[in-house]
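The structure appears below as structure tokens.
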Amino acid sequence: MTELSPDFLTAAQNLLGPRGWSMAAEELAKVSSPWRGTYKGETPFLAKPATTEETAALVRLCNEHGVAITPQGGNTGLVDAGTPHGEICVSMQRMNAVRALDAFNNSLVIEAGAPLVVAQQAADDAQRLFPLSLGSEGTATIGGLISTNAGGVAVLRYGMMRDLILGLEVVLPNGDIWNGLSGLRKNNTGYDLKHLFAGAEGTLGIITAATLKLFPKVQRASAWVTCTTASDVVKLLAMVRDHAGDTVTSFEIIPANAVAMVQADVPDTRDPLPSDLPWRVLIEVSMSRAEHARDVLEGALASAYESELVQDAVIAESVAQAESFWHIRETIPLSKRAYGTALNQDISVPVSRIPEFIDACNAAVLEKVPSAEFVIFGHVGDGNLHYSVCEPASAKRPVLRGQDEAIFRIIYDQVMSFDGSISAEHGVGRLKRDELERIRPKAATEMMRAIKHALDPNKIMNPGRVINS
Ligand SMILES: Cc1cc2nc3c(=O)[nH]c(=O)nc-3n(C[C@H](O)[C@H](O)[C@H](O)COP(=O)(O)OP(=O)(O)OC[C@H]3O[C@@H](n4cnc5c(N)ncnc54)[C@H](O)[C@@H]3O)c2cc1C
């Protein structure tokens, strides 16, 4: 763990003020372990700056003293990027204000420590939509979502977090403040610097505020359908998009065994369409009027039914029924953990190759572990699968535990052979850093390293995440 000199500590405590720091063991332990307790880190000091200027003064001090920093938002990240491992932890949660909303420019300026729900609510209050939506939205912060370039359930229509930012305010590793909080949609003046920080996982600076894109509010129509094969699911996506164009907001694949896991874990869960078929799809179309969205969705499903791509379908009659569909989808990760061991990957391949990938990857894993079970679900519309190799807790001879590395290597090799990515939306962190170094083209790694060295020559910003620098 970093040894902090008395000079550094006194200066940091003075500039942050009594509410702006902590060395209490309980608080340090809380920020050193993420919500699932999956990783265990440590930190000697928690900083809680309240303003951009305080953040800048702290980072300048850290740079002068060679003290490494891990920026932290809601600590919901899944790749061990935001948990300190000896660095001081800079929590952005006190910087959570909505600074400005311009309804005619469709833009929102918000501080980095605000949870996603605050941005969604501010937009809603102004009759606008901020479309990013994911399971951790009550806790995950704007700064963390940008830094991990988060995805979620509406990427198909609105893109990832990177696509939803118009500008950023960032404290650079030398303590300078870059005010790039532009609300412009067109600004062709050289390198688009904000994109450097999207997905950088805190390795290039601390984001203190962002200008986000807002959209017109929409009403949704949601359907739950059953399909026979993954190939039918992919064809269904194309057919629904032919009918509904860009109004298709979500297209989530859910296997039958995942629905059964949720039902076993959450006993009052009702399967919307009980069936022996292996696949379900949750489809959402959104338009300015609910009845139009429903008409479009009905039309698309009627064609799909005629073409035998869909075996059965139900369109939600109420918001509550649509939420019950989503509840099943969002509960899968927790129910999988209750079921037993699950080795999880977040990968992507070209949408058209998903069926072939599933067959090839399952076969490769089964060669190593013949008893393996699979739960494959997620954002199929984005080519993004949450691919889990599972084993029930009741297994008489458990074989999966301790096999993570070997099984992940099999999955990664399969993903690469399908021109895919081994991290679709969760990022790199410490978890996938070395594997990416192995498979990423050398030129790409060198460019990334050059950018890191140029902005952070003293390597104080979240060292060891994303790339070995
Ligand atoms: C139940 C659940 C469901 C999820 N579903 C999805 C999903 O569907 N799609 C998806 O993409 N992700 C999903 N995630 C992952 C997660 O919510 C994201 O990674 C989130 O973007 C992290 O935000 P955070 O504020 O918690 O950041 P943290 O976990 O605190 O930090 C994440 C990274 O960002 C850096 N960071 C944080 N704040 C700043 C800042 N202000 N400036 C610079 N760097 C910063 C940290 O150093 C770290 O590298 C899910 C997580 C959970 C727990």
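Sequence-distant contacts, meaning Cα pairs under 8 Å at least 6 residues apart, place the relative contact order of the stretch 345-437 at 41 percent.
Accessible area per residue for the stretch 232-345, computed on protein heavy atoms with a 1.4 Å probe, is 46 Å².
For GLN72, the residues whose amide H sits under 5 Å from its own are VAL90, SER91, MET92, ignoring neighbours fewer than 5 places away on the same chain, with H placed 1.01 Å from N.
Need the full-extension length gain, LEU366 to VAL314, defined as separation in residues times 0.36 nm minus the C-alpha distance. One decimal, nm. Please report the intermediate quantities before stating the final value.
Working: separation 52, 0.36 × 52 = 18.72 nm, distance 3.44 nm.
Contour length minus Cα-Cα distance gives 15.3 nm.
Over the stretch 98-216, accessible surface divided per residue gives 39 Å², non-protein components excluded, 1.4 Å probe. When the listed pairs LYS40/LYS432; LYS235/LYS336; LYS194/LYS459; LYS40/LYS442; LYS396/LYS432 are checked against a 25 Å cut-off, the alpha-carbon distance exceeds it for LYS235/LYS336; LYS40/LYS442; LYS396/LYS432. Residues in the stretch 218-223 carry Karplus couplings, in order, of 10, 10, 10, 10, 10, 10 Hz; the curve used is 6.51 cos²θ - 1.76 cosθ + 1.60 with θ = phi - 60°, and Gly or Pro positions show x.
Its Cα gyration tensor gives the chain an equivalent ellipsoid, and the semi-axes of that ellipsoid, as √(5λ) in whole Å with the largest first, are 39, 27, 20.
Backbone amide hydrogens, once placed in the peptide plane, bring THR208 within less than 5 Å of GLU169, VAL170, VAL171, excluding anything fewer than 5 places away on its chain.
Among the trypsin sites (Lys or Arg not before Pro) in the stretch 366-420, those located in a DSSP loop and surrounded by at most 15 other Cβ atoms within 10 Å of their own Cβ are LYS396, ARG401.
Could you put SER22, SER275 in order of accessible surface area, largest first, with the 1.4 Å probe and the full protein assembly present?
SER275, SER22
The spread of Cα positions in the stretch 24-166, taken along each principal axis and listed from longest to shortest, comes to 45, 33, 23 Å.
For the stretch 390-469, with all protein chains in place and a probe radius of 1.4 Å, 54% of the accessible heavy-atom surface sits on carbon or sulfur. Two decimals is fine: what is log10 I(q)/I(0) at q = 0.16, 0.23 Å⁻¹ for the stretch 6-91, from a Debye sum with one equal scatterer on every Cα and no solvent? Values, matching the q order: -0.57, -1.11. Karplus-derived 3J(HN,Hα) values for the stretch 349-361, using 6.51 cos²θ - 1.76 cosθ + 1.60 with θ = phi - 60°, are 9, x, 3, 4, 9, 4, x, 5, 5, 4, 4, 5, 5 Hz; glycine and proline are entered as x. Sparsely packed loop sites in the stretch 173-239 (the trypsin sites (Lys or Arg not before Pro) outside DSSP H, G, I, E and B with at most 16 other Cβ atoms within 10 Å) comprise ARG185, LYS186, LYS217.
For the residues ASP271, ASP265, a 1.4 Å probe over the protein chains yields an accessible-area ranking, largest first, of ASP265, ASP271.
Summing +1 for each Lys or Arg and -1 for each Asp or Glu among the other residues whose beta-carbon sits under 15 angstrom from that of LEU145 gives -2. Among VAL375, VAL218, the sequence by solvent-accessible area, most first, with a 1.4 Å probe is VAL218, VAL375. Karplus couplings for the stretch 52-66 from phi (6.51 cos²θ - 1.76 cosθ + 1.60, θ = phi - 60°), rounded to Hz, Gly and Pro as x? Karplus values, whole Hz, x for Gly and Pro: 5, 5, 4, 4, 5, 5, 5, 5, 4, 4, 4, 5, 5, 9, x. For the stretch 303-386, the carbon plus sulfur part of the accessible surface works out to 50%, probe radius 1.4 Å. The calculated P(r) of the stretch 320-469, using every Cα pair and 5 Å bins from 0, goes 2, 8, 16, 17, 18, 14, 11, 7, 5, 2, 0 in percent. Stokes-Einstein, applied to the Kirkwood radius of the stretch 219-417 over Cα pairs at a viscosity of 1.567 mPa s and 4 °C, places its translational diffusion at 74 µm² s⁻¹. Dipole magnitude for the stretch 219-417: about 560 debye, using +1 per Lys or Arg Cβ and -1 per Asp or Glu Cβ, origin at the Cα centre.
Provide the net charge surrounding ILE177, with neighbours chosen by a C-beta distance below 14 Å and charges set as Lys +1, Arg +1, Asp -1, Glu -1.
-4
A simple count of charges around SER33, restricted to other residues whose Cβ falls under 13 Å of its Cβ and scoring Lys, Arg +1 and Asp, Glu -1, yields -1.
Remark: the stretch 6-91 carries 41 Å² of accessible area per residue (probe radius 1.4 Å; ligands, DNA and RNA excluded). Per residue, the convex hull spanned by the alpha carbons of the stretch 98-216 comes to 98 Å³. Across the stretch 387-448, Cα-Cα distances exceeding 18 Å account for 46% of all pairs. Expressed as a whole percent, the accessible area of the stretch 173-239 that falls on carbon and sulfur atoms is 53 (1.4 Å probe).
Under 5 Å from the amide H of ALA97 lie the amide H atoms of GLU111, each residue being 5 or more positions distant or on a separate chain, with H modelled from the backbone and absent for Pro and chain starts. The stretch 27-46 and the stretch 176-193 have their alpha-carbon centroids 34 Å apart. As a length-normalised measure over Cα pairs under 8 Å and 6 or more apart, the relative contact order of the stretch 223-332 settles at 44 percent. For the chain, leaving out every one of the GluC sites (Glu not before Pro) that falls in a DSSP loop and has at most 14 other Cβ atoms within 10 Å, the longest unbroken run is 4-307. Can you tell me, using C-alpha contacts under 8 Å and at least 6 residues apart, the relative contact order of the chain as a whole percent? It comes to 15 percent, rounded to a whole number.
The values are calculated or read from the model by the stated rules, or taken from the named source; none is laboratory data. A quick note: this is a predicted structure, and the numbers were derived from the prediction, not measured. Don't worry about glycine lacking a Cβ; one is built from the backbone with ideal geometry, like all the others, and counts go over all protein chains shown. Ligands, DNA and RNA are stripped out before the accessible areas are found, and what is left, the full protein with its side chains, is counted by its heavy atoms. Shrake-Rupley method; radii C 1.70, N 1.55, O 1.52, S 1.80 Å.
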